[in-house]
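These notes concern the structure reproduced below.
A short reminder: the numbers here are calculations on the coordinates, not readings from a lab. All figures in this text were calculated on a predicted structure; none of them were measured in a lab. A quick note on method: Cβ atoms are made from the backbone with ideal geometry, for glycine too, and the neighbour counts reach across all protein chains shown.
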Amino acid sequence: MIGLNTAAVYILQTIGSIYLLVVLLRFILQLVRADFYNPLSQFIVRATQPLLKPLRKVIPGLAGLDLASLVLAILVQLLLMALTLLLMGYGLGNPLQLLIWSIIGVTALFLKVFFFALIISVILSWVAQGSHNPAVELINQICEPLLVPIRRVLPSMGGLDFSPIVAFLILNLIDMLVIRNLAVMTGMYQGLSLAI
């Protein structure tokens, strides 16, 4: 029975985390004003529309932010955590604590999306510079709002762009000093979220 529960948790977290990533990408794409005619953007829109459409009737956007997709991401994370706890035999626990853990998990995943987008962007700048692949364009659109303010502050280094290194440092510091400390302070179980 323990093996079946472990397998169920693995499948639940894998499928749930993929959908959570897609929902959070919907929020991020609107946040960075990415091209919604990009084929990957269209996939993300279609995958999230069934759950977002009714939620948008209740939760409107605010100052260009798609709050409904952010709330949906938190709800998906909350559902994943609750089901994981049940399958692991811990019961549901405190709903407020689950909500806090969900917000921490979504925030950690938000940072990881930018972190891995930066890694992919740096690698692609070496091997596929100037590519017009839809995935490459989308990754660059995700990274640029993070890199532009750093480039304004960082002096020119003779054609070398060190802004991704500074962005990596900032993202890692936020993760280490804020997200992980919040997870520890709230007693968050590490097995609940793949993002932490």
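Structural remarks
- Nearest 10 degrees, 0 to 90: helix 95-127 Cα axis against the chain principal axis: 30
- Inter-centroid distance (Cα atoms) of region 86-115 relative to region 171-187, Å: 13
- Crossing angle, helix 2-31 versus the chain [Cα axis fit, 0-90 degrees, rounded to tens]: 40
- By average C-beta atoms within 10 angstrom, highest first, the peptides 116-125, 90-99: 116-125, 90-99
- Cα-based helix-to-principal-axis angle, 39-58 vs the chain, degrees rounded to 10: 50
- Net charge dipole size for region 1-129 [Lys, Arg +1 and Asp, Glu -1 on Cβ; Debye, nearest 20]: 240
- Here, P(r) means the percent of Cα pairs in each 5 Å bin from 0 to the largest distance; for the chain it is 1, 7, 14, 16, 18, 16, 13, 8, 4, 2, 1, 0, 0.
- Reciprocal of mean inverse Cα separation for region 6-78 (Kirkwood radius, Å): 12.8
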